[in-house]
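Here is the structure we will look at.
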Amino acid sequence: MLQQTVNGIALGATYSLLGLGVTLIWGVLRVLNFAYSQFIVWGAFGTLIAIENHVPTVFAVLIGMAVAGVVAVFVDMTVMQFMRRRGTSEFALVVATIGVYYILSSVAQDRSKSQIETFPIGGFPHGSVDIGSTSLPSLQLLSLVISVAVMIVLGYWLNRTRLGRATRTVAYSAPTAELLGVNSRAIFALAVFVSGCLAALAGIFNAADSSTLSYSDGDQLLVVAFAVIVLGGMGSVKGAVIGGLALGLVQVYTTLYVSGVFSNAITYLLIVGVLIVRPNGLFGVREEARV
Amino acid sequence: MFDWLNPYTQLVAAGILVNALLVLSLFVVFQCGVLSLATIGFMADGAYTSSLLATKQHWPTVPAIAAGAVVAAVLAYIFGRLVLHLRGIYLALGTFALGQVFVLGIANFTWTGGPGGIVGIPVDITLAELVFVVLAVGVVFQLVHLSFVGRALRAIRLDERVAAGAGINVARYRTLAFTASGFLAGLAGGFEAFQTGVISPDQYSFVLLVQILALAMIAGSYLWAGSVLTAIAIGVAQQYIGTTDALAEGLLYGGLLVVVMILVPNGITDPRLLRRLTFRRLRPHRGPSSPPTSEASPSGASPLVIK
Amino acid sequence: MRFRTIKIVTALGLVSVLAAACGSSKSSSTPTSAGSSSSALPATIKIGVPLDLTGSSEITGVGTGEWAGVQFAVNQINSSGFLGTSKIDPVMFDTQASKTEAVQRTVELISSDHVSAIVGYSLTPSFLAAGPIAQKDGIPVMAVGLSGAGVTEVGNYIFRELLDYTKLYAFGDPQFVKATHATTAAYLYGSDTVTTSGQYAARRKLLESLGVKTVAVETITAATTDMQAQLTAIKDANPDLLVVNVDTGQVPSVLVQLGESGITAQYLGDTSLGSAVVTGNPAAIKAAQCGLFTTPWVPTSTAGGNPLFVSQWKAANNGQTPDFFDALGRDAMWAMATAIKNANSVNPSQIRDALSQISGFSGALGLYGWNNPAAPGQPTYGGVNEQVQNGQDVPWTSSTTCTK
Amino acid sequence: MTGASTVASPEGLADVPAVAIENLGKRFGGVVAVSDVTFALSDETITGLIGPNGAGKTTLLNLITGYLKPTSGSIAIKGKTVTGWLPHAVAGMGVARTYQNILLLDSETVATNILIGCHGALQRRRLVTRAKEWRSRPGRDVVERLLTVLNLREVAKDEVAQLPYGMRRRVEIARALAASPSLLILDEPTAGMTRDESDEIGRLVQQVRDAGTTVLLVEHNVRLVRAICDEVLVLQWGNIIARDSAERVWDDPVVRTAYLGDMEGQESETGPAKQEGGTTNAGA
């Protein structure tokens, strides 16, 4: 039982990382980005290729993050910014991200010849850390530490730094921020880059956990990310971490007490349930339209 | 009626028409500003209901398909009432999860055949029947488009507040559209099941949803005929282009989607193709020479929330 | 007004078949009289090859491998003059793991391409949708990679290359249970595919009939990336055997996480333990140490024509060792060619009859045939028991020892 | 029990006020926008609602028309309590309005925008009538009349987004009138209009009243309020501080100090903006 709770937290740690990236994009850009699933994959592929070329694992991870970050910024600067400038509807933006997803996915598919690739995990922490009677796999412990650290850094960045305040201003209203002398394009790019890095990190942890990597790995993770931000409230940094951990725990308890068959279904039921009861998520802020 | 076509062509044509029904199922909610991603779930409901009725209760095909569509519509009505009060992206996510719940539910019940699905569904739908159904649906759409109901639906998409102020019951019209969307998806699911003879939960996939969504967005939310024509045009193009190279396919269709969204974000049937036009605004629109507002108000947009 | 599509398909199919038969006998009579050979075969023999190459990436290794095997066989058949001057023309379609696509393509193969036979299908659902069409039109099918049940039951025109998995388990599992003295078993299976859930059900029934008590049943789905919860539950149940039937693509993930979990139960897997996804993954193959499985084929097998196949494959593919799916595709096409040669005709029903009489077929999977009257359409080869030892699959007997 | 079906003949309800509001209050978090408002409108009159920016005028309109839910108090329209009703239901009671920030279907034509206003009447038709009127494009007669009345005929087929501000205001008024409301609520209908245009609107509003409609008018244009209103309500910090006839209300010293100050006779609305921010303290 205690062990299973630890399992849930460990599972939730990666989910939190996923949620943090998506919540950042949503909070700043107000876009639900389906291409995010491919940022996850491209980041992991970047790391894979680096490891295959004998780059030490730590640097390979950084390279993977940079790859995903750059791809995310490239997509944002070409497609998204163009559409934003034209004031396109949020639906069209979402569908455009689906188009981008399709393109990136087919490139990754072509690169891997549709095969599942082996992801070398020699350089990643392995074994588990015993805490009392329970044991926590080192990899998950690392992702938990990283997601909490990312939450703290993001929180500090957004709340305490000049740049963070500028980001929040841009998130609130880009034109207002421009009037105040903030370069909203640079802020957008920064937020997108960071969120791409987080996507890559989640993808790398996922690949290291299973020691495999395929071009379609991101799809399931994207759904998880959506569930996390719905639970935590879209745009909430703290909510993403708590939502991720909560989802991990719920999935583990469902597996334990009901059946692993329903651990998927429970994710979706949670999304529907939370939206019906609390349309803006557990930690979200109410949005009121006005006349 | 279509005997002069070879059987393969008939099958492809039928497949395209099933797609057209699915696109219409998205269109009917798009036209009142709802981005519903539940269509695939309702399609599965319709397909399973009709297939179970046909294989277990030995219903004839036509009543079975009709029953499947009705069941999907009833489910859409019930769940629509639960999720339709959500806004924008939240609604999209809610409907997406709803659709997945249906598919996963079907996959995990034993009486639906579990992951194996249902085999031995009679394969006796003709292309002529499908053409007739699509035409009939088209006639209904055209009548609605011309009537005050169609106008009300469009008004809701363009501005909910205006619609409500004019006495349009936004919730009721949305529920109506959502129910119709469920009905059409159920119909499409039924027709598809009676064409392939075998169904299983895995075919109601995210990939299918993305394809249908792409067609619907390219078609736009103004004219139903655009949905049907887009489904047919892209379906025919697909036959000619071929589908062997995943890279070429991804670049082509993904690129098409991006380009269309950039150039005509409201689809090819947008009456004001090149004009700025939003489905629904989160903030009040300001006219060209509007005086500034100063009334105290809660903020329209939520900033990043930290603590 | 209410025509049944399938009737039209059938009628057109039969007409086309007749036309093809007449056409072929006419066209072949001329060259025969010229005296090159006594063959009644046309210059090109069209054989449909619908395989699932794309779709979810988990299965793509299957379809591409089978297609490579089929192409390999076609090259051999055509260059060796096995069918005299006739050449096999494979009409390939990617059915994209979609039932609709499988049905459409099968109809196209039969009604537009007028194929004489079909060698194809990677996935049971695709086949279950499309198979009945071929059966009704009387086109013989050699199903390449289907492991599920209910394939040959579709009709007498359906043959399978791969054994029904229940047959493999019935072969190996009793030996494993006896050798390990196991009394309890835990099961981990993929609940969202018909193959893996069917494998679990068949295996559990078999093991329980052998007196092995079920102490835990855990499931994963394609969406599962982390299985700690399932593995902890299995660890708590402390079984003698851990029976794993999950999608091939997920096997490395299961193995790697199993390695970290501290579970000591004997691993009982399936053919996926011998697949490239596992053997090519150092972390996974290390964690699979001592894992047992039964497979119809291993590269090192010396049965039938396998040594020749492996050496020829290596020669043609830069020294690469063939995998299981290559072998399946190769044997399926060769079997069809053999039936055509034996029938000396491209008449589908004659090919079918010839197929059902093949025996002593020297293929990669051994020396076998399809002539077992007790199991029509099923191949007659048996299984090979294997164990993973130090990163390699080695033949297993009850006296084999293994240390973790 | 007065049903929505009586909309067409409000004359029959002379003894019931078109709208009666009791102790109405609305707060947004800690901010009190409307504190405790009680009034009733007399039938077939034009009532002006004035007050400085931030006084809560638009909030009050939004409460009456159902766009906001009151925190306290009740609203009755023609004797029927509609507190907490949604906008479409209130509209169904014969209430039509315009908005401070013009709300139109930007991508649609002027004619279509007006036609939207007819929705209630079209929806109330019986099925048989609907079938009969099928080919005659129901509602067009109303639209034709309003296009003439509001001088919009030339732009009938134009997209409203491209029209100048004053014209957009007129389209909005036409849409409200298309519903043939028993209570017409206008939120700054002449903002951004020339003097001639606003005089025209004033005459139109009077005609509407004479045809039997009660009008509630929020307006900064004091000259217009003076000219056409039968009665004036003065709102400040969410409270009604004065209620009198259009001639006498200006003499009230409370009104003078609170609102009018030195701006009497001006049409500008820049003056009262100084008092903005007072709302935060009002009634707290």
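Nothing in this text is a laboratory measurement; each read-out follows from the coordinates by a stated rule. It should be emphasised that the depicted structure is a prediction, and the values quoted were computed from it without experimental measurement. Glycine gets a Cβ as well: all are built from the backbone with ideal geometry, and neighbour counts include every protein chain shown.
Brief remarks on what is shown
- Among the trypsin sites (Lys or Arg not before Pro) within the stretch A:107-171, those in coil by DSSP and having at most 13 neighbouring Cβ atoms inside 10 Å are A:LYS113.
- Degrees, to the nearest 10: C:324-343 long Cα axis against longest axis of chain C: 30
- Semi-axes of the equivalent ellipsoid for the stretch B:27-159, computed as √(5λ) from the eigenvalues of its C-alpha gyration tensor and ordered from largest down, come to 29, 22, 10 Å.
- Of D:HIS220, B:HIS145, the sequence from fewest to most neighbouring Cβ atoms within 10 angstrom is B:HIS145, D:HIS220.
- Whole-number Å³ per residue for the convex hull built on Cα positions in the protein assembly as shown: 183
- Principal-axis tilt of helix C:5-34 within chain C, Cα atoms, nearest 10 degrees: 60
- For the protein assembly as shown, size of Cβ-based charge dipole, Lys and Arg +1, Asp and Glu -1, in debye: 1340
- Cα centroid of the stretch D:122-182 to Cα centroid of the stretch C:354-404, whole Å: 81
- The stretch D:115-157, Rg to Rh (Cα coordinates; Rh as Kirkwood inverse mean 1/r): 1.05
- Computed label-point distance, nm, for sites B:ILE241 and C:CYS290 using a 7 Å Cα→Cβ extension: 5.4
- Residue by residue, the stretch C:367-373 carries 3J(HN,Hα) couplings of 9, 8, x, 10, 9, 6, x Hz when phi is fed to the Karplus relation 6.51 cos²θ - 1.76 cosθ + 1.60 (θ = phi - 60°); x denotes Gly or Pro.
- Test item: C:280-287 mean partner chain Cβ contacts at 10 Å: 5
- With the largest listed first and rounded to whole Å, the semi-axes of the equivalent ellipsoid of the stretch A:127-223 from the Cα gyration tensor are 35, 18, 8.
- With helices as the sole contributors, the protein assembly as shown gives -17000 deg cm²/dmol at 222 nm; each DSSP H run of n ≥ 4 counts as -39500 (n - 2.57), and the sum is divided by every residue.
- Angle of helix C:251-261 to the longest C-alpha principal axis of chain C, folded into 0 to 90 degrees and rounded to 10: 0°.
- Pair-distance distribution P(r) for chain A, from all Cα-Cα distances in 5 Å bins starting at 0: 1, 6, 12, 16, 18, 18, 14, 8, 4, 2, 1, 0, 0 percent.
- Order of B:LYS56, D:LYS26 under a 10 Å beta carbon neighbour criterion, fewest first: B:LYS56, D:LYS26
- In chain B, Cα pairs under 8 Å separated by at least six residues give a relative contact order of 30 percent.
- Debye intensity ratio in log₁₀ form over the Cα atoms of the stretch C:166-295, taken at each q of 0.17, 0.20 Å⁻¹: -0.81, -1.19
- Full-stretch length increase - D:THR71, D:THR129 - with 0.36 nm per residue and alpha-carbon distance subtracted: 16.7 nm
- Per-residue mean of C-beta atoms belonging to partner chains within 10 Å, peptide A:250-261: 5
- Spin-label pair A:HIS54/C:ASP353, simplified geometry with 7 Å Cα→Cβ offset, distance in nm: 6.6
- Here the contact order of the stretch C:166-295, divided by its residue count and restricted to Cα pairs under 8 Å and six or more residues apart, works out to 26 percent.
- Most positive-pole-ward Cα, D:LEU216, D:LEU150, D:HIS88, against dipole of chain D from beta carbon charges: D:HIS88
- Taking the charge dipole of the protein assembly as shown about its Cα centre, with +1 at Lys and Arg Cβ atoms and -1 at Asp and Glu Cβ atoms, the residue from B:LEU146, A:MET65, C:GLY61 reaching farthest to the positive side is B:LEU146.
- Reachable lysines, given that their alpha-carbon falls under 27 Å from the alpha-carbon of B:LYS56 and they are not under 8 places away in the same chain: C:LYS7, C:LYS99, C:LYS136, C:LYS205
- Protection proxy ranking for B:16-29, C:346-359, A:96-109, using the average of other Cβ atoms within 10 Å per residue and placing the highest first: B:16-29, A:96-109, C:346-359.
- As an equivalent ellipsoid, the stretch D:128-241 spans semi-axes of 29, 18, 12 angstrom, where each value is the square root of five times an eigenvalue of the C-alpha gyration tensor, largest first.
- Its convex hull of Cα atoms gives the stretch C:293-404 a direction-averaged projected area, equal to a quarter of the hull surface, of 8.6 nm².
- Relative contact order (percent, whole number), chain A, Cα cutoff 8 Å, 6+ residue spacing: 36
- Cα Rg, Dmax (largest Cα-Cα span) when computed across chain C, Å: 22.3, 77
- Lys/Arg +1, Asp/Glu -1 at C-beta; the protein assembly as shown dipole; positive extreme among D:THR59, B:TRP59, A:GLY155: D:THR59
- Peptide A:227-236 - average C-beta neighbours from other chains (10 Å radius): 3
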